[in-house]
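Worksheet for the structure shown next.
The values are calculated or read from the model by the stated rules, or taken from the named source; none is laboratory data. Keep in mind that what you see is a predicted model, and the values were worked out from it rather than measured. As a convention, Cβ positions derive from the backbone with ideal geometry for all residues, glycine included, and neighbour counts pool all protein chains shown.
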Amino acid sequence: MVNPNTASPEVLSIIFSESQAKSIMKEREKKGFYDNTTSDYFRIRSTGDVEGSPTSHTINTVVQKISEKEGPIILTHYWNDNSLENLHKRELTDN
């Protein structure tokens, strides 16, 4: 299965018709995402860097979108925040 929110234009053009692929890309550019997807599970990875510094911080998560009458609910199934891992690695190399 291909997620239309993360697939490249080249992949979209293989999976969807030319007009559908263009429509998906146009909506992603306009809104930042394509919301007519049937996916319920999403993997999110976000990394923040401090400019001019070796410091970075990454969070990985897997969430599920559950559709409810009042609106969607986001349920977190997995969360990995590497700050403790990096702190532990620094402590090991400092000693």
GLU27, sole failed condition from (1) touching a Phe, Trp or Tyr at 6+ places or on another chain (Cβ under 8 Å); (2) closer than 25 Å to TYR78 by Cα | (2)
Residues of region 17-36 being assigned to a loop (DSSP other than H, G, I, E, B) and modelled with pLDDT of 90 or more, which ones?
-> SER17
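So which of THR47, THR58 ends up being in the same structural domain as TYR78 (by TED's automatic domain parsing), touching a Gly at 6+ places or on another chain (Cβ under 9 Å) and either under 20 Å from TRP79 (Cβ atoms) or surrounded by fewer than 12 Cβ atoms within 10 Å (Cβ to Cβ) (or both)? Spell out how you get there, then give the answer.
Values: THR47 fails: touching a Gly at 6+ places or on another chain (Cβ under 9 Å).
Among THR47, THR58, only THR58 is in the same structural domain as TYR78 (by TED's automatic domain parsing), touching a Gly at 6+ places or on another chain (Cβ under 9 Å) and either under 20 Å from TRP79 (Cβ atoms) or surrounded by fewer than 12 Cβ atoms within 10 Å (Cβ to Cβ) (or both).
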Looking across region 61-76 at residues that are surrounded by 10 or more Cβ atoms within 10 Å (Cβ to Cβ) and of a type in the set (Ser, Thr, Tyr), the single one that is modelled with the highest pLDDT is THR76
Can you give me the number of residues within region 1-30 that are within 20 Å of ILE44 (Cα to Cα) and exposed (fewer than 11 other Cβ atoms within 10 Å of the Cβ)?
-> 3
